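Participant: Here's a structure for you.
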Amino acid sequence: MAEPLLRALARLRGLLLDDDVLVRAVGSGRQRGRAPRWRRVELRYVDLKAGRRLQVTAYDETQAYTSNHAPGEAAKAAVDDLLDEPFGNWHVETATETHQLRVTKKLEALWHTSPRTVVEKEAGPQEHNRRKPRLLPEDDPVLVALGIADDHGRIKPSRQAKYRQVEEFLRDLAPAIDDAMSSGRVRTPTPQEPLRVVDLGCGNAYLTFAAHRYLSHVRGLAVHTTGVDVKAQSREHNTAVAGSLGLAENITFMQGDISSAELDRAPDVVLALHACDTATDDALARAVTWNAALVLAAPCCHHDVAAQLRRAPTPPPYALLTRSGILRERFADTLTDAVRAAVLRLVGYRVDVIEFVDSKHTPRNTLLRAVRTGTPPSPEAKKELDELTGTWGVHPKLAELLNDRLA
């Protein structure tokens, strides 16, 4: 039921200023007829050498700005400034609950709270040694079926890194879904028209099942998920897991190449998590072709551009970047994902390049988060991309796949 916006914002303010319970908060979207200064803001408390601080990361169209505020008047001033901004949606995770605040067209507030009863101790001083809510509790049947948790609902020691990867991915997915729905880029799902999610190159489908479970069971959304993988073994194994969980009608798997995958209905959300080398480019191109509203891609290896760098002469004065093999490989990773982000922006997407999980849990921890806006690129954007690729003598696969849209 709708309530006065000022009353809801006052309740939200109390959560944001409580460093004992706040885990993470995200403000995004816009209110009707008004645009906030920032496209998105994220808040959390961190423990620094100077003491505990409220850390605010604000994103504009091109970069992120991080600031730290001492508890008390400084934190209050920072929070009040953000609450004055006309964000259309707030996603707040506390130690025991998840809160969703959405501003309606009538400038009223819709507030939804979901309990979080299973918590786990944070690790390390940067995590405040506090207990943190889990988006999927350890004893969730999906985690047991996938072999991440044992039959007693405890995460296996050898699967701790995988569990953390799943959790951190869901923490990036949650506010992105909120943003897409509050902005109208993704319609409100119904049983007749569910949210359609496809995972391209799903493999053993750990994140496929986790995303479906979170969106459908935790968030209560009507969802249909499709996993695509080239291996028949993956399709058979994942279909059996879906059947054992009673999800056969809502999550399906198909065998096929990413580049030629055909769906009955175009998806709202495209996932491509650790698809190898140019398979990530194939997945991004398919997402663009489908006009997907939201794309989350975690690239794996970057062999294609690395091989091109080995063959092409290094432009001066950058020879030191490519002389050593390991540095050349790392530079190829950066160059590849920078180009991918640039291409997606040119075809009407807003793109963030973020770290979705600590490198100790997986070395492939870069996430491209793209939201379709349809906004035409600036005249300089194509020139900037052409100069970058021309300077290094590379021909990115994604630009080749989307050449007709870039022309």
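Participant: What list of whole percents do you get for P(r) of segment 219-304, with Cα-Cα distances grouped in 5 Å bins up to the one holding the largest distance?
Facilitator: 3, 13, 22, 25, 21, 12, 4, 1, 0
Participant: Shifting gears a bit: At what distance in angstrom do the alpha carbon centres of segment 161-186 and segment 302-341 lie from each other?
Facilitator: 31 Å
Participant: List the residues, sorted by chain then number, that are 5 or more residues from Arg24 or on another chain and whose placed amide H is less than 5 Å from its amide H.
Facilitator: Distant-sequence amide H within range of Arg24: Glu93.
Participant: So, one more: What whole-number volume per residue, in cubic angstrom, does the convex hull of the C-alpha atoms of segment 217-265 give?
Facilitator: Spread over its residues, the Cα hull of segment 217-265 gives 86 Å³ apiece.
Participant: Let me ask something else about it. Just round it to a whole percent: the fraction of Cα-Cα distances in segment 16-114 exceeding 21 Å.
Facilitator: Roughly 33 percent, rounded to a whole number.
Participant: Order the following by accessible area, largest value first: Arg30, Arg52. Probe radius 1.4 Å; ligands, DNA and RNA are ignored.
Facilitator: Result of the area sort, largest leading: Arg30, Arg52.
Participant: In the chain, what percentage of the DSSP-assigned beta bridges are antiparallel, given to the nearest 5?
Facilitator: Percentage antiparallel, nearest 5: 75.
Participant: Across the chain, how many lysine pairs, 8 or more positions apart or on different chains, have C-alpha atoms separated by under 22 Å? Please give the number.
Facilitator: 15
Participant: What's the Cα-based Rg to Rh of segment 71-115, Rh via Kirkwood?
Facilitator: When Rh is taken as the Kirkwood radius, the ratio is 1.04.
Participant: Just need the Rg to Rh number for segment 196-340, please, alpha carbons only, Kirkwood Rh. Intermediate results must be reported in sequence, preceding the final value.
Facilitator: On the way: Rg = 17.9 Å, Rh = 16.5 Å.
Taking Rh as the inverse mean 1/r over Cα pairs, Rg/Rh reads 1.09.
Participant: Which of Leu320, Ala342, Thr289 sits farthest toward the positive end of the charge dipole of segment 287-385, with +1 on the Cβ of Lys and Arg and -1 on the Cβ of Asp and Glu?
Facilitator: So the residue we want is Leu320.
Participant: For the chain, what is one quarter of the convex hull surface built on the Cα atoms, given in nm²?
Facilitator: If you wrap the Cα atoms of the chain in a convex hull and average its projections, you get 21.4 nm².
Participant: Name the chymotrypsin sites (Phe, Trp or Tyr not before Pro) in segment 244-321 that are in a loop by DSSP and that have at most 13 other C-beta atoms within 10 Å, would you?
Facilitator: Qualifying residues, ordered by number: Tyr318.
Participant: List, largest first, the extents of the alpha carbons of segment 275-337 along their principal axes, each in whole Å.
Facilitator: Between the extreme Cα coordinates on each principal axis of segment 275-337 lie 40, 18, 17 Å.
Participant: What figure in square angstrom, to the nearest 10, would you give for the accessible area of Leu327 with a 1.4 Å probe?
Facilitator: For Leu327, solvent-accessible area is about 80 Å².
Participant: Find the Cα radius of gyration of segment 144-270, compare it with 2.2 N^0.38 Å by division, and give the number to two decimals.
Facilitator: Taking the Cα Rg and dividing by 2.2 N^0.38 Å, one obtains 1.06.
The values are calculated or read from the model by the stated rules, or taken from the named source; none is laboratory data. Because the structure is predicted, anything quoted here is derived from the model rather than measured. Here Cβ is always computed from backbone atoms with ideal geometry, including for glycine, and neighbour counts include all displayed protein chains. In case anyone asks, the SASA skips ligands and DNA or RNA and just uses the protein heavy atoms, side chains included. Shrake-Rupley method; radii C 1.70, N 1.55, O 1.52, S 1.80 Å.
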